[in-house]
1. Counting only residues that are hydrophobic (A, V, I, L, M, F, W, C) and touching a helix residue (DSSP H, G or I) at 6+ places or on another chain (Cβ under 7 Å), how many does region A:182-202 have?
2. What's the number of the condition residue A:16 fails, among (1) open to solvent by 50 Å² or more (accessible area, probe 1.4 Å); (2) modelled with pLDDT of 90 or more?
3. What tally of residues in region B:106-120 results from selecting those that are surrounded by fewer than 22 Cβ atoms within 10 Å (Cβ to Cβ), within 8 Å of another protein chain (Cβ to nearest Cβ) and free of Cβ contacts under 8 Å to residues at least 40 places away in the same chain?
4. Of all the residues that make up region A:93-116, how many are part of a helix (DSSP H, G or I) and within 10 Å of chain B (Cβ to nearest Cβ)?
5. Scan region B:168-188 for residues that are outside any helix (DSSP H, G or I) and either aromatic (Phe, Trp, Tyr) or surrounded by fewer than 16 Cβ atoms within 10 Å (Cβ to Cβ) (or both) and report the count.
6. Between B:158, B:135, which is in contact with a Gly (Cβ under 8 Å, 6 or more places away or on another chain) and either more than 10 Å from every other protein chain (Cβ to nearest Cβ) or surrounded by fewer than 16 Cβ atoms within 10 Å (Cβ to Cβ) (or both)?
7. Identify, please: which residue in region B:139-153 is of a type in the set (Gly, Ala, Ser) and modelled with pLDDT under 95 and is, among those, farthest from residue B:170 (Cα to Cα)?
8. Given the conditions (1) touching a residue at least 60 places away in the same chain (Cβ under 8 Å); (2) under 26 Å from residue A:232 (Cα atoms); (3) open to solvent by less than 20 Å² (accessible area, probe 1.4 Å), which single one is not true for residue A:82?
Amino acid sequence: MSGLRRTAGIALRQYYLLRSSPARVLSVYAWIMIDIILWGFISQYLNIATASGANFVPALLGAVLLWDFFGRVMHGVTTSFLEDVWSQNFLNLFASPMSITEYLGGLVLISTVLSILGLIAMIILATIAFGLRFFAYGLMLVPFLLVLFLFGIAMGIFGIALVLRFGPASEWLVWPIPAIVTPFAAVVYPVATLPAWMQWVSKLLPPSYVFEGLRMIVAGNSPPVGGLILGFVLCVLYILVASWIFAHTYRMITRSGLLARYKAEGST
Amino acid sequence: MRTAGSSPTLSVTDLRRVFGDIVAVDGVTFSVGPNETVGLLGPNGAGKTTTINMILGVLSQTSGSILIEGIDIAKDRRRALEKTNFAAVYAPLPGNLTVIQNLRFFGLLYDVEDLSERIAELSDAFDLINIRNTRFGLLSSGEQTRVCLAKALLNRPRLLLLDEPTASLDPATARDIRAKILEYTTRYNMGILWTTHNMYEVTQVCERVLFLSKGKILLEGAPQSLPGEYGKETLEDLFISVAREPLTLGGT
């Protein structure tokens, strides 16, 4: 019970910040909405330009929407953590009886809520403005969203472990992670398009199984269930590894003294 | 005043912390009893904050042990910290949360029962009612200190660590704050480790002081009698001697 209260406390702090700051609320929606508008028009243009009769909206815009969902999940974790970095709150946080698991649980909880809100907003915009039939993917949406959600959590925890280890100035390492992963995740093109070495990297990235599956459904084929199961297993593995890295980093900076002088590290 | 024979609230034994070639804390041993206020004094860089950080579990010790009500913080961090809290000038609360939001947030982290009632009680005690909806970052130094102390008392700690709690306060406010802290010390039977550079404050609140210099405890005793024992007129004179000639005093 006490663990749940601590986890709720971490999430509550983020809720307070969002409630009092329109800029923070805007950041939850702004970029993903811009992406939907941009890729919505690109998809419509390709429909006209190729004149092939193919509809690019479900394959391209649907994929971008799912990818933005992943990004929203990851940044939900990292931004909440960075709020503690920016407000120099580490000493107060980590001198409390809260455990690392409870802290990460709180970050994941608030990220889940914000990601679901972002997803709903994207679906409404893509449906109304570009005619995307999001639920046409059927029941496969559940594993698609689950794999991307879990991968977002894993990357989020990995990202904040980097900032914890290398200090506040290293936050710039976190923001580009989705962009770095994008070419390998084969969001808008098949994995087969990539050179052999990139295909190997792609196989290690769970989102690639989601987007391959999405394209198969759009093409009228059966989705690769085995691939999605593998993607799910990889996600669970990555979450465990990322959490271990975070906990290990925490122990390491407690030993080195970085945690106690984290504020000073931020001013350099 | 500490009860004779009672087991210590804080027991630090042979505590040592090394950063590379630098020995920041060198074999420090002391205790703080229930309902006792102990001053941890020393010049800048003496190892006071390093010692406090180790007691708070945000810095691991190279060797030695820290027991809070008999619980080893290195082995059972959670249980030890449930009995502890702190207020320090270098650890302000999040400036973008209001007073009430900060107290709720930390109340949940410390798993405080009947949190709303507890916040109301401390808001009343520390005169926070009128500023409860103001963001912490917008408060004056005195108001921030009162909020930090309310946060530090949320969980009714058995051990309270205070690092210069009245720094930047005017004398009248500082006196009120000291009185309030001492009132809660008695009420909760709390042990306090109090760090300050204000020697007047030390004589007012501390039953015992520890002079730390270059990571070692150089002197220990009652703040009223200690200066006389070392041929000094006041505690401030003794402090200056510790800062300038630690070896001379240590050998006395």
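1. First pass over region A:182-202, keeping only residues hydrophobic (A, V, I, L, M, F, W, C): A:184-188, A:191-192, A:194, A:196-198, A:200-201.
From what's left, touching a helix residue (DSSP H, G or I) at 6+ places or on another chain (Cβ under 7 Å): A:184-188, A:191, A:194, A:198, A:201.
Result for region A:182-202: 9.
2. With (1) open to solvent by 50 Å² or more (accessible area, probe 1.4 Å); (2) modelled with pLDDT of 90 or more applied to residue A:16, the lone miss is (1).
3. Residues that pass the stated criteria total 0.
4. Taking region A:93-116 and keeping what is part of a helix (DSSP H, G or I), we get A:93-94, A:100-116.
Narrowing further to those that are within 10 Å of chain B (Cβ to nearest Cβ): A:93-94, A:102-103, A:106.
Total meeting the criteria: 5.
5. Number satisfying all stated conditions: 2.
6. Answer to the selection: B:158.
7. Step one: list which residues in region B:139-153 are of a type in the set (Gly, Ala, Ser), which gives B:140-142, B:150, B:152.
Subsequent filtering for residues that are modelled with pLDDT under 95 retains B:140-142.
Numbers: B:140: 11, B:141: 10, B:142: 8 Å.
Looking at residues that are of a type in the set (Gly, Ala, Ser) and modelled with pLDDT under 95, I get B:140.
8. Of everything listed in (1) touching a residue at least 60 places away in the same chain (Cβ under 8 Å); (2) under 26 Å from residue A:232 (Cα atoms); (3) open to solvent by less than 20 Å² (accessible area, probe 1.4 Å), residue A:82 misses just condition (2).
The values are calculated or read from the model by the stated rules, or taken from the named source; none is laboratory data. None of these values were measured; they are calculated from a predicted model. In this analysis, Cβ positions are derived from the backbone assuming ideal geometry, glycine residues included, and neighbour counts consider all displayed protein chains. Keep in mind that these areas ignore ligands, DNA and RNA; they rest on the heavy atoms of the full protein, side chains included. Shrake-Rupley method; radii C 1.70, N 1.55, O 1.52, S 1.80 Å.
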